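The values are calculated or read from the model by the stated rules, or taken from the named source; none is laboratory data. This is a predicted model, so every value here is computed, not measured. Cβ atoms come from the backbone with ideal geometry, glycine included; neighbour counts cover every protein chain shown.
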Amino acid sequence: MSKDIQKTPQIYIVRNKSSAQVPIQTTEMTKDYFEVGYILSGGRKVITTDKTYEAYAGMVGITHPYIYHKTVAISDEPYECILIRFTRAFAEPLIQIVGRTVVEQLNAQTMFIFSEDSQKKIARMFLEMEEEYKKELPYREFILQGMLFRLLFTVYEEKISVSSVITNNESLTPPIMEALVYIEKNFMNNPTLEEIAKVAGFSMAYFSRLFSAQLGKSYTEYLDNVKIKHAQILLTQTRKTIMEIAEETGYCHGNYLNSQFKKKVGMTPGQYRKKNRELA
């Protein structure tokens, strides 16, 4: 990927495809460029050193330079997105024209949500930029620069909300990030604190203290939140029964899922499913 950046130093566009279960390894993913992406299908939980958030089809995300992160599937659908990577210098004319306020407001957020009509418009803009990039014409960067500025303005003007972001108490260390990915991939098996501590390479007592300090909650509370979140996804995206969802999320019985779900969400799984279908 770095070779492609060198051939086109100002902007690079790629379509990423992967199966639902493929995680991205911890690495300095964004290097010295910005990244704006549109998710075509699937869903991912993104774990960075300072925050955790979820990304689904139809959403646009903006990533800053030098961000370490890992992602893990939260949907059974294959993951596909279009990524536009560009240098700070490439965006400088936009900053000069509109000032830093608009750019700073975009950078301050992570994932943007849009109406159905706006999703279609923005998806079309990403696809048009991808096609333009493939042409490899001598003046390609000039055209793409104008298209990128139009895209960023559209995101800024038509966003209706931003994705929920959970900010960590402290910057996450690599072992804790590895532990969070392991939890996301194995939550249905109710991994014990001892098991997760081994993944992180620490003693159980030290890992427990470190986890609570960095995440702001105990391991047990974090695992419960992950299980409930996946139950919410299954309730809204599938027709599986409460019992089936209980089994898939690590609860021994539908009744136990009911009680835990109501404690966390304030309503039963059935009520939650009905409410979200009415809103759809």
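Points worth noting:
- Residue selected from region 230-241 under the condition without any contact (Cβ under 8 Å) to a residue 60 or more places away in the chain and closer than 21 Å to GLY42 by Cα, by the criterion surrounded by the fewest Cβ atoms within 10 Å (Cβ to Cβ): ARG239
- Subset tally (residues that are among the aromatic types (Phe, Trp, Tyr) and loosely packed, with under 15 Cβ neighbours inside 10 Å) for region 191-227: 1
- Test result for THR173, surrounded by fewer than 16 Cβ atoms within 10 Å (Cβ to Cβ), farther than 27 Å from TYR272 by Cα and either in the same structural domain as GLY266 (by TED's automatic domain parsing) or not hydrophobic (A, V, I, L, M, F, W, C) (or both): yes
- For ARG277: the one exception among (1) exposed (fewer than 15 other Cβ atoms within 10 Å of the Cβ); (2) more than 25 Å from the chain's Cα centre (by Cα): (2)
- A count restricted to region 52-61 and to residues that are surrounded by fewer than 19 Cβ atoms within 10 Å (Cβ to Cβ) and hydrophobic (A, V, I, L, M, F, W, C) stands at 1.
- Members of region 68-96 that are assigned to a loop (DSSP other than H, G, I, E, B) and either surrounded by fewer than 15 Cβ atoms within 10 Å (Cβ to Cβ) or more than 13 Å from the chain's Cα centre (by Cα) (or both): ASP76, GLU77, PRO78, THR87
- For region 243-258, filtering for residues that are out of contact with any Cys (no Cβ under 9 Å at 6 or more places or on another chain) and either surrounded by fewer than 13 Cβ atoms within 10 Å (Cβ to Cβ) or of a type in the set (A, V, I, L, M) (or both) leaves 7.
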